[in-house]
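The structure appears below as structure tokens.
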2 protein chains.
Amino acid sequence: MTDINRREALVLAISAAFAPHAFAAEQTQPDHKMPEVKGEHWMGDEQIAMLMYPGMTVLDLIGPQSMFGGLMGAKVYLVAKSLDPVTSDAGVTITPTATFKTCPNDLTVLFTPGGTDGTLAAARDAETLAFMADRGARAKYVTSVCSGSLILGAAGLLKGYKATSHWSVRHVLAGFGAIPTDARVVRDRNRITGAGVTAGLDFGLTMVAELRDPFYAECCQLMAEYDPDPPFNAGSMKTAPPEVKAPMLEMLADFVKKSEALAASTKS
Amino acid sequence: MTDINRREALVLAISAAFAPHAFAAEQTQPDHKMPEVKGEHWMGDEQIAMLMYPGMTVLDLIGPQSMFGGLMGAKVYLVAKSLDPVTSDAGVTITPTATFKTCPNDLTVLFTPGGTDGTLAAARDAETLAFMADRGARAKYVTSVCSGSLILGAAGLLKGYKATSHWSVRHVLAGFGAIPTDARVVRDRNRITGAGVTAGLDFGLTMVAELRDPFYAECCQLMAEYDPDPPFNAGSMKTAPPEVKAPMLEMLADFVKKSEALAASTKS
């Protein structure tokens with residue numbers, strides 16, 4: 001493979017991230033044939049399933065989806081119980097593209113976003129847990145962002161694995177037999193979990209590098225102009241001032257308590 | 001206002017960002033009465049309209065929406081030509097909550113996301129431009145992320161203003177009479193524009209601080225665990241290696257040319 005082939009192929013590959021009309025059709029028409037392109041060796045065939053449920057935090061889903069969306073040839077399924085539109089915690093309603101029944105059986109990536117009450121409901125829902133446990137048993141990668149790891153835990157998918165979550169409930173993972181680990185993206189064998197909400201971007205790039213290569217991920221990063229410059233420095237429990245941490249801890253206390261109860265009732 | 005009142009109010013305020021079932025209803029039922037809460041002085045009444053159109057880049061929309069979603073009392077409208085679901089460039093289909101006709105006339109914030117071909121189509125669509133020009137003439141803030149600034153420019157909303165865009169088309173803004181400015185978030189009077197895609201997070205926090213105060217924005221930042229840690233350093237034209245920049249420039253060349261043609265045909 002020459003550099004020129006590599007470049008030509010990449011142009012085609014990454015174009016899916018930024019001008020992917022054809023790709024969008026591909027996502028909802030899994031049997032649609034890809035057009036002939038130069039550099040087919042840059043094409044992938046990943047089957048990526050992203051769980052959706054009422055009350056999910058939509059940025060947990062869309063951060064990684066935006067990076068998966070650049071994987072030319074991959075198929076990204078937004079999976080829910082039915083094809084009825086799903087409303088996020090902050091009122092964004094998204095249409096699923098597959099159901100628990102129509103989602104492929106053998107996945108490259110199984111992913112779940114987090115949230116609060118909606119996440120706890122999903123983590124107590126037998127049908128959702130059965131779907132996650134089934135696909136998770138065979139998926140090449142089992143992944144989550146934010147409190148989505150509570151769903152992985154409740155489905156029995158984190159026993160003995162290092163994992164992370166939103167800072168508020170990271171410790172709860174121990175209740176599922178996982179090893180809570182404080183990092184932006186945590187990998188233990190084929191389990192890859194991201195921290196809270198916006199960690200989905202760092203998680204997404206990590207996954208692109210894992211599924212393709214670091215060069216492909218760098219191209220996705222430039223395309224998404226991911227050169228973050230937060231106007232404040234309060235994004236973690238290590239950097240936030242005490243007067244910011246206190247009300248957030250107070251606000252999330254009920255969610256943390258309910259998450260601990262979930263873990264206690266799940267533990268076998 | 002004591003610190004305790006401030007904290008209690010904030011707990012309620014920020015809860016909308018993370019567990020906002022009530023807030024979600026508020027977004028789609030603009031006449032719904034807010035429940036009585038302590039600390040009403042922390043409530044806002046912003047009217048925020050976020051444009052949606054086929055082919056938009058969904059992360060351009062969802063980054064800022066996730067921050068606006070934390071503004072308790074604010075109403076966030078996802079506005080399109082009709083209430084028919086709108087499909088993004090990477091195949092995410094979102095249901096609008098308002099149309100050009102039902103969107104409030106007097107807005108606190110008018111916002112548009114970017115994209116590529118879909119953005120150029122929206123920037124040439126008379127109905128879309130009329131909506132943006134009308135609401136933009138009275139909105140307290142006129143804003144965009146990524147190539148959404150091409151739509152603002154085409155609607156005549158950037159003449160004489162400093163503004164930014166996705167790195168690939170920032171220079172094109174000059175064709176609309178704007179002053180292209182290289183920064184993550186650019187403010188000139190009441191025009192606030194963000195750079196490409198992921199800049200929507202920095203833009204969103206900037207807007208929260210502007211609409212409420214920096215403390216409120218820091219709480220949103222902690223809740224979203226926005227403590228970015230990109231696994232690579234290729235997110236801008238200043239940091240990306242030449243072998244990453246070259247194929248991306250090549251891939252976007254057609255979009256840049258079409259954007260320049262749009263500006264040329266719009267300039268009066």
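The values are calculated or read from the model by the stated rules, or taken from the named source; none is laboratory data. Owing to the predicted nature of the structure, the values given are computational and were not obtained by experimental measurement. Glycine also receives a Cβ, built like all others from the backbone with ideal geometry; neighbour counts cover every protein chain displayed. The protein model used for the area step is the full one, side chains on, heavy atoms only, and it has no ligands, DNA or RNA in it. Shrake-Rupley method; radii C 1.70, N 1.55, O 1.52, S 1.80 Å.
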Rg/Rh ratio calculated on Cα atoms of segment B:210-264 (Kirkwood radius): 1.22
Exam field: B:A253 pseudo-label spacings to other copies (7 Å along Cα-Cβ), nanometres: 6.2
Heavy-atom accessible area per residue - segment B:125-168, 1.4 Å, Å²: 27 Å²
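What percent does the relative contact order of segment A:96-205 come to when contacts are Cα pairs within less than 8 Å and at least six residues apart?
Numbers: 224 pairs, mean separation 26.4, N = 110.
With pairs under 8 Å counted, the relative contact order is 24 percent.
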Distances in nm from A:D134 to the matching label points in the other copies, shortest first (labels 7 Å along Cα to Cβ): 5.0
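Give the peptides B:124-132, A:74-82 in descending order of average Cβ contacts within 10 Å, highest first.
Packing order, densest peptide first, comes out as A:74-82, B:124-132.
Highest mean first, what order results for B:94-100, A:113-119 on Cβ atoms within 10 Å?
Ranked by mean Cβ neighbours within 10 Å, highest first: A:113-119, B:94-100.
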Karplus 3J(HN,Hα) series, Hz, for segment A:122-127 with 6.51 cos²θ - 1.76 cosθ + 1.60 (x for Gly, Pro): 5, 6, 10, 8, 4, 5
Top positive-direction residue, dipole computed over segment A:44-267 with Cβ charges, set A:T181, A:P230, A:A217: A:T181
Cα centroid separation, segment A:112-151 to segment B:209-265 (Å): 30 Å
Table column - 3J(HN,Hα) (Hz), segment A:232-249, Karplus curve with 6.51, -1.76, 1.60, x for Gly and Pro: 10, 10, 10, x, 9, 5, 7, 10, 5, x, x, 6, 8, 5, 4, x, 5, 4
Diffusion constant of segment A:118-211 at 10 °C, which comes from Stokes-Einstein with the Kirkwood Cα-pair radius and 1.306 mPa s, µm²/s: 124 µm²/s
Shielded by partner chains, segment B:82-100 residues - at least 20 Å² of accessible area, 1.4 Å probe, vs chain alone: B:D89, B:A90, B:G91, B:V92, B:T93, B:I94, B:T95
Debye, to nearest 20: dipole size of segment B:44-267, +1 on Lys, Arg Cβ, -1 on Asp, Glu Cβ: 780 debye
Other protein chain Cβ atoms within 10 Å, averaged over every residue that makes up B:202-212: 2
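Highest mean first, how do B:175-181, B:196-202, B:160-166, A:225-231 rank when packing is the count of other Cβ atoms within 10 Å averaged over residues? Kindly include the intermediate steps, with their values, before the conclusion.
Details: B:175-181: 20.0, B:196-202: 29.9, B:160-166: 24.3, A:225-231: 21.7.
Result, highest mean Cβ count within 10 Å first: B:196-202, B:160-166, A:225-231, B:175-181.
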Share of pairwise Cα separations in segment A:44-267, more than 21 Å, in percent: 51 percent
Teacher prompt: A:P242 distances to equivalent labels in other copies, 7 Å Cα→Cβ, nm: 5.3
In the A-B interface, the accessible area buried, summed over both sides, Å² (probe 1.4 Å): 7000 Å²
